[in-house]
1. Scattering from the C-alpha atoms of segment 79-162 alone, worked out with Debye: what is log10 I(q)/I(0) at q = 0.13, 0.20, 0.24 1/Å?
2. Limiting things to C-alpha atoms, what are the Rg and the maximum Cα-Cα separation (Dmax) for the chain, in angstroms?
3. In Å and from the alpha-carbon atoms only, list the Rg and Dmax of segment 1-89.
4. Enter the mean projected area of the convex hull around the alpha-carbon atoms of segment 44-83, in nm², rounded to one decimal.
5. Loop only by DSSP, 15 or fewer other Cβ within 10 Å of the Cβ. Give me the GluC sites (Glu not before Pro) in segment 56-144 that pass, ordered by residue number.
6. At a 1.4 Å probe, what is the % contribution of carbon and sulfur to the accessible area of the chain?
7. Just the accessible area per residue of the chain, please: how many Å² with a 1.4 Å probe?
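The values are calculated or read from the model by the stated rules, or taken from the named source; none is laboratory data. For clarity, every value in this text was computed on a predicted model and none was experimentally measured. As a convention, Cβ positions derive from the backbone with ideal geometry for all residues, glycine included, and neighbour counts pool all protein chains shown. Keep in mind that these areas ignore ligands, DNA and RNA; they rest on the heavy atoms of the full protein, side chains included. Shrake-Rupley method; radii C 1.70, N 1.55, O 1.52, S 1.80 Å.
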Amino acid sequence: TAAPDFFSWTGLYVGADVGYAWGHDSTTEYFTATNTLTGLKWDYAPKGAIGGFYAGGNYQSGPIVLGLETDIEMAGIKGGFNDPALGGAGNTKIDWQGSLRGRAGVAAEKAMFYGTGGLAFANISHTYNNLVVGSVETTSAVRTGWTAGVGVEVAVTQNLLVRAEYRYADF
């Protein structure tokens, strides 16, 4: 008799991903010389495409799958505001982002449903233009935060998987 066809999620893996990101950002204006709040605040929604690579490893015991994954993605996430009536304009841009996360899932044959969470990091730059006095301020830094999400992976073959994942990140 033939051995039963059993798919195992245990092992190391690498892959590529493409996706779309959107978010919420805001800026509050201060007088630079005195650090006094002006009372002006703008909200805006940066968005854009992302794509990159991920790698990780899983261990399966029964239907439970535990793993660790990291990813790095180039990003074209941009957004901003322009309010000449109140004298402000600005933008936010994320050039790249990544994460280091744990994963916990439940395998159902060749599908796995999982939750994920951990450390998130991104290169974020902000530019603010005071249209009244003509000054421009830019800050750029690698920001850290956290991320959490859910996903599903399906094994097309023993070595080819497809997946869909939603993650929230807070920097």
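1. Here the Debye-derived log intensity ratios amount to -0.64, -0.92, -1.06.
2. For the chain, the Cα-based Rg and Dmax read 21.4, 83 Å.
3. 23.5, 82
4. One quarter of the hull surface, i.e. the mean projection, equals 4.3 nm².
5. In loop regions of segment 56-144 (DSSP not H, G, I, E or B), the sparsely surrounded GluC sites (Glu not before Pro) are Glu109.
6. Whole-percent figure for carbon plus sulfur exposure: 62.
7. Dividing the accessible area of the chain by its residue count gives 60 Å².
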